[in-house]
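The values are calculated or read from the model by the stated rules, or taken from the named source; none is laboratory data. Bear in mind the structure is a predicted one, so any value in this text is a computation, not a measurement. Glycine also receives a Cβ, built like all others from the backbone with ideal geometry; neighbour counts cover every protein chain displayed.
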Amino acid sequence: MAERQQQDGVSVEQHRDLITDGDVTQATDLCRRLLRTASNLQRVEMAHLVLDRLRNGGDSSDDVNALLRLLGNYVSPTRELTEEILSLLLFCDHRVLLIHHLPKLTYQSKECVKLVVEAYLELLSSDRSLLVPVLGSLAEMPLDASEKNTVVEATQKLLLLANADSVQHTRGFLCWKVAEVISLRFSELARRNAGALASSAHLFLDHLHRIASVPTESEGDGSYPSHILDLLCSTMALLTKRERGIYSLLMITIQKQLVSRAGVSGMIQDQQAFRIQCNRAMRRDSAVEVKQLMAVFLTGHLLKNQVVVDSRDRKSLANWMLRLLTSANRDETLLHVMRFVRDEMSRTRDLSALEQERALLTSAISQVFRKKGLTWTPRDEILERIEEDDDVLLAFDGARRVAKTAKGGLATPLVMDATEFVRKMQFGVPPPAFRAMSSNDRAASKMAMEQEYLMKICLLRELFHCYVEFSPSLEMKIVDAGVLLPSGYKPALDSESSGSLAPSALSRVLWNLVCALDVSVVSTNSIAQQYTSVTTGSRSKHESAKHYSRLAARLHTCLQQRDQLEHILAVQKVNIHACLESLDDDIPDSRRTETRKVELEWLLLEASIAERMLNGQLRRVQGEIPCASLFGLDFRVLCLAFEGQWKRFMEPPLSLSHELELLRAFRRHLQSDSVAPSLVDDRIKCIASSGGDNQRLLVSRSEGRRAVKYLCSRAAELSQAINNDEYDQTSGLDDEFAGDSTGLAAANALLRDVMTSSLTCIYETFLIILEESHMSIAAGDTSWSSTMMELLATGVGSDEEVSRCENPHACNETFFRHLARQCLEMTARLCLTPNSPESEMGKGSPNGLPLTSLSNAVISPSGGRICSLAKYRCPSPRWRHIVYLVVGSWAFTVSPAASSLLLGQYLDEMRVLVDAADSHESTGQRKKQKQGNGGESDEIELDEDDSEDEEARHQAELAVVVDGEHLVLKSLTNESLPYFLDAVLLCAIASLYRAAPKRSNAEDLAEFNPFEDYCRAMRVFETCLQVFARAEASGFNLPVKTNLLVLRGGAFVTRSAKSLISKCIAWRVEQSVSDAAGALSHLSVLFGSAHAMSVTMEAVQASFQERVVMKMQYDGSGRRRGGWANELLAKTYGKKYRTRRWVTKTEAKLLPYFSHGIQELQDFLQDQR
């Protein structure tokens, strides 16, 4: 029997290489044959080999699933096998599959089941997305009562930790997102090449019929999303323009949808603000609304795309639109009708044949304004009204400014009155069911409330545009108008007197101010558009200055309104919470107390919605401009504001806090997920733009270029002000800070915080521009990148430095030197570590590192999640800037060769630091050696002198060296060494994937090695391990995280080296026989570099093993010989123990994988030679 088991073991062992590293198909077939044996020992050994294969990674999900299924069907698990699977659970790329098969691979004992439960709970604490697979796996395991309770409690905690946004990620939400993407792609294709879809036009029409005929049955689905319906109708209109045969059917469809609204015309014009979606009557109303919206979109797009050629049909469509304008079922329908009407009138403004139609539309629009209660009234009439009625007051009045520039015949300015609009649109009116709603129901309905309020603000904005469109003679007065607000506006600004206002009065003030801010933002965008047209025309400078003065005044109004709205929200939230706490302390024995509590809770909900609007966090659809927020300002407005600051004609200049708000909006516009242009609404297209379009505006427009120069100069000013200890901060103190602070120290601290936040924002903007520049170069678009880098270099460099910028690389180098110097000179280290809550950096780099310019294969290689740059988090905020600078300087190098040279220089300086620290213990020996080898020392000094010129040349090529001073290595100390080591090690691993076989363009370099980049990267990693081993042996207290990174990174590099060498061999085979690039000598150099790296890994392995031995031999309780069992152990390990740290349990667990990887790499190299 023992002989049979031995033969089985030999049979399994001889197939180890094929099972762990061979072709997956052959390995699966072999496993299937070997598992069909009576010996469970052989099956368990096979299972261990399969787990080794999974640990190496590289197989697809289907292959891994097939292997695990084989193990589950044939293997009787043991405790050791279960523990190995659990250890693999933390590192495997296919954790969901492991969780699914784990019940069949778990040894059925109470201890093993407990281990599985504990491992699952630990796994869920770091990744809640695995909750469903884990619960499914635990359902198949024999759990006792206590274990079930533990799982249930943990599950409840995890569910409570889920954020509110997770509610959106339901099945219906994801389905609508898919439908939106498909509809958008169809619309784009129809605009580019309608002929490709013209033959399928009838299918689109059938789909629209189904949308109109199928009522909404699900409670959570709601009505058909209007923006998706708009895209479909836009596509249908474009296809009809190409396929005229379907035109008559489309006209019938429009008629049918309009007739379907019969029976609901008696509905109230202004619907209640909030209605519960689950109500069946509401679902019927939603179905009617979908049909009416479909008619609106089809009619609008037919007119917009000039599909209608017959005058009779066009008149019919115009009459339908006119009828809907005065009898729309809901405000959202009215919103879309007004948009189409305004676009049509703007397009046909010069056609005299349509004067009668314009007159009818003007009359209809006037009716809409009267019904909605929005007016622009002469200022004199408003002043008379204020004298008679003290319920309102005039705010943000520009009459004084107008009077200064006015001449005799100037008409009276206007004032916007939105008080009736707020009342008629039922802002601040809670739904009847709000009192009966539980807290969970209120949270679930909050999203619907947000969308309803956003729709009302969008309708206000459209009413403003229509008022300007149909009153062109009053355009300037409308844009520059003041605002009429409720009388509770002034008490609401005072934190003491605001508590005396009723919740309803506070709500009116809140929403009137929100409406005023939104109209002011839109007005500012309108003035910027006028200013652009004036400057591009042949008008005088006086006219341009006049328009810029209007722009600056309106922008300051926006900033003031934003400040006051933010202040009111902050004050009211504190007051509301205090009132609710006092009501909770009282005995709720009266109905009045309960009513008061409900009013306060409703006001608190409104305040949270308004706050999200103010911060630009709410949008109805992707691509729509944020409402009632400075983030809704056009990017050109921000550029013009910074241009005025730079040229010093912005009057009055921006305060520090206002500058910070505009900087945040500027940064948001440059990001890739900023407001995108709508493919359907041309009005939005001309205002909103994507992050890429905005970045190109920085080069194409004069205001954009001047804005970049302002940011460069402003960054230098703020950096100097923050770092200069003798700087008198009170000299630049704004009145707002002095007034809000109780003492000078608090005011100075507040001022410093604002300046630091502004500088952070500017640097984050620079990073976005740099990453976009590198991505443009990678995509082959070098013109914009070259111009932008020249612009940045000019903004930050001196005249001498700019004169040396002969190419884009030199400009990039100049700017990065400035960036690195500013970072290291900064007292506040947060300027280049964007981890603050307001930071929105890092979509592609959540840790804030500048990695977007590199491919995902480099920063996050397959199977290397634990040691990838994309996942790294520096544990110390104090040294976070070091990681940023090391990785940034490496990432911004122009080639893999330059990046390896840079890392090599860092490692040389780190080695010098380690040797210097170690020299204190052997000073006497070094002196003796120096006396005995004097001539040799002189020779070494001469050699060093000869190499100084070459070293200086290398130094000059690096972008982090300025005036002979290395801006990164100046922070290298004994304390910061581990963080340098971590960053360089990660960059060295990534350099392996940054390299690629390449040819030399020069014909005279016949000996050029195409694999030199791989060799350099391996030498860098080898040197990094040598520095680590030397530092650890010299007594440096390296953190456990660094040791774990070395072990995990080393194991990953062994796998990567095999894969990359195989690719190099395959590349060499593809070359022609006469090609010098395919010479075997090049491969021998590559193999030599890999072998040298593996030898260094063995030395590191021996160091870890020695620490394991020390831990095993040391007896801390023993008093004799310092805790060692005998004199030999004390003599061998005593001195080392005093300078070296014990190995941890996790390091001991990872060491076998590290050793196994080294052996596999050496075997691979031996087999390939």
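Does at least one position in region 904-917 carry a residue that is at pLDDT below 75 and on the phi < 0 side of the Ramachandran plot?
Within region 904-917, one or more residues are at pLDDT below 75 and on the phi < 0 side of the Ramachandran plot.
Let me confirm something: among Gln529, Gln560, which residue is under 28 Å from Leu460 (Cα atoms), surrounded by fewer than 21 Cβ atoms within 10 Å (Cβ to Cβ), out of contact with any helix residue (DSSP H, G or I) (no Cβ under 6 Å at 6 or more places or on another chain) and at pLDDT 90 or above?
Exactly one of Gln529, Gln560 is under 28 Å from Leu460 (Cα atoms), surrounded by fewer than 21 Cβ atoms within 10 Å (Cβ to Cβ), out of contact with any helix residue (DSSP H, G or I) (no Cβ under 6 Å at 6 or more places or on another chain) and at pLDDT 90 or above, namely Gln560.
Quick check on my filter: what residues within region 315-353 are charged (D, E, K, R), assigned to a helix (DSSP H, G or I) and at pLDDT 70 or above?
Residues satisfying the conditions are Lys315, Arg323, Asp331, Glu332, Arg339, Arg342, Asp343, Glu344.
Select, from Glu601, Glu581, Glu606, Glu566, the only residue that is out of contact with any Leu (no Cβ under 8 Å at 6 or more places or on another chain) and not β-branched (Val, Ile, Thr).
After ruling out the rest, the residue left standing is Glu581.
Under 9 Å by Cβ, and 6 or more places apart or on different chains, what pairs join a residue from region 236-254 that is under 18 Å from Ser311 (Cβ atoms) with one that is charged (D, E, K, R) and not in a helix (DSSP H, G or I)?
Here the result reads none, with nothing in region 236-254 linked to a residue that is charged (D, E, K, R) and not in a helix (DSSP H, G or I).
Checking the conditions here, which among Ala828, Ala810, Ala778, Ala820 is modelled with pLDDT under 85, hydrophobic (A, V, I, L, M, F, W, C) and in contact with a strand residue (DSSP E or B) (Cβ under 9 Å, 6 or more places away or on another chain)?
None of the other options fit; the residue is Ala820.
Identify, by number, the condition in (1) buried (at least 20 other Cβ atoms within 10 Å of the Cβ); (2) more than 25 Å from Arg55 (Cβ to Cβ) that Leu1047 doesn't meet.
Result: Leu1047 passes all but (2).
Determine whether region 205-213 contains at least one residue that is at pLDDT 80 or above and outside any helix (DSSP H, G or I).
no
For region 503-520, state whether one or more residues are within 22 Å of Phe340 (Cα to Cα) and assigned to a helix (DSSP H, G or I).
Step one: filter region 503-520 for residues within 22 Å of Phe340 (Cα to Cα), giving 518-519.
Imposing the further condition that a residue be assigned to a helix (DSSP H, G or I) reduces the set to 518-519.
Checking region 503-520: at least one residue is within 22 Å of Phe340 (Cα to Cα) and assigned to a helix (DSSP H, G or I).
Restricting region 43-94 to residues that are part of a loop (DSSP other than H, G, I, E, B) and touching a Leu at 6+ places or on another chain (Cβ under 9 Å), which is farthest from Val117 (Cα to Cα)?
By that ranking, first place goes to Asp59.
Restricting the search to region 84-132, which residues are at pLDDT below 75, under 23 Å from Lys871 (Cα atoms) and polar (S, T, N, Q)?
Listed by number, the residues that qualify are Ser125, Ser126, Ser129.
Considering only residues that are crowded, with 23+ Cβ neighbours inside 10 Å and outside any loop (DSSP other than H, G, I, E, B), which ones fall in region 857-880?
Result: Ile859, Leu869.
So, restricting to helices (runs of 4 or more DSSP H) that lie completely within region 428-499, which ones have at least 3 residues that are surrounded by fewer than 21 Cβ atoms within 10 Å (Cβ to Cβ) and at pLDDT 80 or above? It would help to see each step written out before you state the result.
Numbers: elements: 439-470, 475-479, 489-493.
Passing ranges, in order: 439-470, 489-493.
Test Ile762 against the criterion of being in contact with a Cys (Cβ under 9 Å, 6 or more places away or on another chain), at pLDDT 75 or above and either closer than 29 Å to Arg880 by Cα or outside the structural domain of Ile882 (by TED's automatic domain parsing) (or both), and give yes or no.
yes
Restricting attention to region 1135-1158, does a residue exist that is modelled with pLDDT under 80, surrounded by fewer than 16 Cβ atoms within 10 Å (Cβ to Cβ), in contact with a Leu (Cβ under 9 Å, 6 or more places away or on another chain) and in a helix (DSSP H, G or I)?
no
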